[in-house]
Amino acid sequence: MQLFLDTADIKQVRDAVKLGVISGVTTNPSLVSKAGWSGDYKSAVQEICSLVKGPVSVEVLSAEAGGMIEEARSIATWSPYVNIKIPVCAAGLEATAVLSKEKIKVNLTLCFTPNQALLGALAGASYVSAFVGRLDDAGQDGMEVVAQIADCFERYKLPTQVIAASIRHPMHCVTAVQAGAHIATVPHSVLMQMINHPLTTVGIARFLEDAQKTKGKG
Ligand code: E4P
């Protein structure tokens, strides 16, 4: 099981990398807009790559297969760590099939069904991202979809990795492990929540208090 950070905020990447628990980063156009990247998209991606030294997903914006392929080929030259995020649709599958043959790694995104994930794997995607939180929001069990995808890939020994995406809280990470996801991509806020427990906080304070009491006694 690996953790990726789901952010386009370079400061958040810098902070999380220091913890030694992050293997990659996923971005999307909404996260890029939130992070306020202006103009130099390429430099921002390169900085994230140099910090994380692992897979960094960057999404294409074209709607047609030809445009996706062209964009992907260009983005792939930015860093050896860059993966191309492509939405699952007919054009996206066509682009994935071409790019995977060129050894350009694709993260097929916006997957909401096991069928979409299977098609992505057959087209040669390196990763499929199943959006757990958005499925939960729609009244469906998002992690059940992750479990079905992981089971399918395991059963047929498909090399594509399952990313549990759209993670909203720490319990999503626990259930992502149980569902057999290879990776969970977590927002920085969820990563921080995963570290903390009130009993740990109280325990640290009490140890420090007791250490003060013994000071000067030996
Ligand atoms: C990651 O790859 C996705 O883009 C991201 O997890 C989506 O999360 P959201 O549903 O909270 O926007």
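The values are calculated or read from the model by the stated rules, or taken from the named source; none is laboratory data. Since this is a predicted model, take the numbers as computed values, not measurements. Neighbour counts run over all protein chains shown; Cβ positions are idealised from the backbone, glycine included. Ligands, DNA and RNA are stripped out before the accessible areas are found, and what is left, the full protein with its side chains, is counted by its heavy atoms. Shrake-Rupley method; radii C 1.70, N 1.55, O 1.52, S 1.80 Å.
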Where Ala72 falls short, out of the listed (1) closer than 22 Å to Ile183 by Cα; (2) at pLDDT 95 or above: (1)
Counting residues that are within 11 Å of the ligand (Cβ to nearest atom) and more than 30 Å from Arg73 (Cβ to Cβ), which helices (runs of 4 or more DSSP H) fully inside the stretch 89-206 reach at least 3? 132-137
In this structure, does Val190 turn out to be exposed (fewer than 15 other Cβ atoms within 10 Å of the Cβ), β-branched (Val, Ile, Thr) and over 19 Å from Phe112 (Cβ atoms)? no
Some residue of the stretch 133-141 being of a type in the set (A, V, I, L, M, F, W, C), surrounded by 11 or more Cβ atoms within 10 Å (Cβ to Cβ) and touching a Gly at 6+ places or on another chain (Cβ under 6 Å): yes
Subset tally (residues that are away from the ligand (no atom under 16 Å from the Cβ) and part of a loop (DSSP other than H, G, I, E, B)) for the stretch 54-68: 3
All but one of (1) closer than 23 Å to Val190 by Cβ; (2) within 16 Å of the ligand (Cβ to nearest atom); (3) surrounded by 14 or more Cβ atoms within 10 Å (Cβ to Cβ); (4) not acidic (Asp, Glu) hold for Leu51; state the number of the condition that does not hold. (2)
Test each condition in (1) closer than 17 Å to Arg168 by Cα; (2) open to solvent by less than 50 Å² (accessible area, probe 1.4 Å) for Gln12 and report the one that comes out false. (2)
Could you list, ordered by first residue, the pairs with Cβ atoms under 6 Å in which the first is in the stretch 194-218 and closer than 30 Å to Arg168 by Cα and the second is part of a helix (DSSP H, G or I), at least 6 apart or interchain? Met194/Pro170
When residues of the stretch 26-46 are limited to those that are assigned to a loop (DSSP other than H, G, I, E, B), open to solvent by 30 Å² or more (accessible area, probe 1.4 Å) and out of contact with any helix residue (DSSP H, G or I) (no Cβ under 6 Å at 6 or more places or on another chain), the one nearest to Gln2 (Cα to Cα): Gly36
